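Peer 1: This structure is in structure tokens; I'll ask about it shortly.
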Amino acid sequence: MDEAGNTIPKAVVRTDYDFKNQIAARFAWQTETDAEGGFEWDSAPAEEICFWFEADGYSVIRSLPLLADGSEHEIKLKRKTNAD
């Protein structure tokens with residue numbers, strides 16, 4: 001979702017490099033968010049994985065660690081500014 005709480009359909013979600021621990025992405029996985037701005041990875045391993053989130057007009061989020069534990073994770077993308 002964006003900073004105002006609006007959903008972002010068709011945002012790209014993929015596994016990413018773990019910059020903090022200098023670990024390459026162990027899984028090559030990618031999807032897009034649905035019309036409600038959500039996505040599911042039903043076969044995700046039950047461990048912490050770093051993700052990359054991006055959508056047109058928004059700043060990219062890289063190497064965000066999330067645990068596939070069945071809970072919902074709320075990701076907020078910030079609109080790009082002229083400085084970005």
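Peer 1: Can you find a residue that is in contact with a Ser or Thr (Cβ under 6 Å, 6 or more places away or on another chain), in contact (Cβ under 8 Å) with a residue 40 or more places away in the chain and not small (Gly, Ala, Ser) anywhere in segment 69-78?
Peer 2: For segment 69-78, residues in contact with a Ser or Thr (Cβ under 6 Å, 6 or more places away or on another chain), in contact (Cβ under 8 Å) with a residue 40 or more places away in the chain and not small (Gly, Ala, Ser): present.
Peer 1: Mind counting the residues in segment 16-54 that are exposed (fewer than 12 other Cβ atoms within 10 Å of the Cβ), among the aliphatic types (A, V, I, L, M) and in a loop (DSSP other than H, G, I, E, B)?
Peer 2: 4
Peer 1: While we're here: Would you point out the residue of segment 1-41, among those that are under 17 Å from Leu67 (Cβ atoms) and of a type in the set (Phe, Trp, Tyr), that is modelled with the lowest pLDDT?
Peer 2: The residue in question is Phe27.
Peer 1: Now for a different question. From the list Glu32, Glu47, Glu72, pick out the single residue that is more than 15 Å from the chain's Cα centre (by Cα) and among the charged types (D, E, K, R).
Peer 2: Glu47
The values are calculated or read from the model by the stated rules, or taken from the named source; none is laboratory data. Keep in mind that what you see is a predicted model, and the values were worked out from it rather than measured. All Cβ positions, even for glycine, are placed from backbone atoms using ideal geometry, and neighbour counts span all protein chains on display.
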